[in-house]
Amino acid sequence: MSMMLELCNITKIYGTKTVLNQISYKFTPGKTYALIGPSGAGKSTLLKIIDLLENPSDGHILYNGSEVKNDTERLALQRKLGMVFQQPVLFSGTVLDNVFYGLKVRGQKLASNKEKLLHTLEKVGLVKMERQQA
């Protein structure tokens, strides 16, 4: 299931510093995106806002055309999202086990997702490490 994501004039201000200023973008399902920029440019802040870990100072985000309006909707959507921070934590097990973890805690089965997981590992050049201990 792909999720449409649209950023609408996202602004984030910390004290007197504007970190993000009216960022708008529509992400197309099925595509891979990279967020690049210098240290302090607001990349992590934007990702936290997209992942609903932080609220924008202004603007809004649409998921599948709808803005999240209440805590119940927010929690349901957060359970479908995931973010890997710069200092990742690896669990015991193989590389494949670690990549599968997010789906596992959502009740998914490895057998029905293995092809998709291997494709993801292939995209990032790690398919040959699938069985390696993390």
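The values are calculated or read from the model by the stated rules, or taken from the named source; none is laboratory data. Everything quoted here is computed from the prediction, not taken from an experiment. As a convention, Cβ positions derive from the backbone with ideal geometry for all residues, glycine included, and neighbour counts pool all protein chains shown. To get the accessible areas, we keep the full protein, side chains included, count just its heavy atoms, and leave off ligands, DNA and RNA. Shrake-Rupley method; radii C 1.70, N 1.55, O 1.52, S 1.80 Å.
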Checklist entry - How about segment 21-47: which of its residues are charged (D, E, K, R) and closer than 17 Å to Glu6 by Cβ? => result Lys26, Lys31
Next on the checklist: For segment 12-40, which positions are modelled with pLDDT of 90 or more, out of contact with any helix residue (DSSP H, G or I) (no Cβ under 8 Å at 6 or more places or on another chain) and more than 21 Å from Leu77 (Cα to Cα)?
Outcome noted: Ile13, Tyr14, Gly15, Thr16, Lys17, Thr18, Asn21, Gln22
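Any idea which of Glu73, Glu122 is assigned to a helix (DSSP H, G or I), open to solvent by 70 Å² or more (accessible area, probe 1.4 Å) and closer than 25 Å to Asn9 by Cβ?
Working: Glu122 fails: closer than 25 Å to Asn9 by Cβ.
The conditions single out Glu73.
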Checklist outcome for this item: Scanning segment 76-93 for residues that are among the aliphatic types (A, V, I, L, M), more than 15 Å from Ile49 (Cα to Cα) and surrounded by 10 or more Cβ atoms within 10 Å (Cβ to Cβ), the one modelled with the lowest pLDDT turns out to be Leu90
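Please determine, by comparing only the residues of segment 102-119 that are over 24 Å from Lys31 (Cβ atoms) and either touching a residue at least 40 places away in the same chain (Cβ under 8 Å) or part of a helix (DSSP H, G or I) (or both), which one is most open to solvent (accessible area, probe 1.4 Å). Even if it seems obvious, please write down each step before you answer.
At the first step, the residues of segment 102-119 found to be over 24 Å from Lys31 (Cβ atoms) are 104-105, 107, 109-111.
Subset that is either touching a residue at least 40 places away in the same chain (Cβ under 8 Å) or part of a helix (DSSP H, G or I) (or both): 104, 110-111.
Values: Lys104: 126, Leu110: 63, Ala111: 97 Å².
In this case the residue turns out to be Lys104.
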Next on the checklist: Conditions first: (1) within 15 Å of the chain's Cα centre (by Cα); (2) polar (S, T, N, Q); (3) at pLDDT 90 or above; (4) open to solvent by 50 Å² or more (accessible area, probe 1.4 Å). Ser57 passes all but one, so which condition is the exception?
Outcome noted: (1)
Item to check | Selection within segment 1-51 - assigned to a loop (DSSP other than H, G, I, E, B), open to solvent by 80 Å² or more (accessible area, probe 1.4 Å) and free of Cβ contacts under 8 Å to residues at least 24 places away in the same chain | outcome: Met1, Thr16, Lys31, Tyr33, Ala34, Leu35, Ile36, Pro38, Ser39
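Can you find a residue in segment 29-49 that is on the phi > 0 side of the Ramachandran plot and touching a Gly at 6+ places or on another chain (Cβ under 8 Å)?
Within segment 29-49, none of the residues are on the phi > 0 side of the Ramachandran plot and touching a Gly at 6+ places or on another chain (Cβ under 8 Å).
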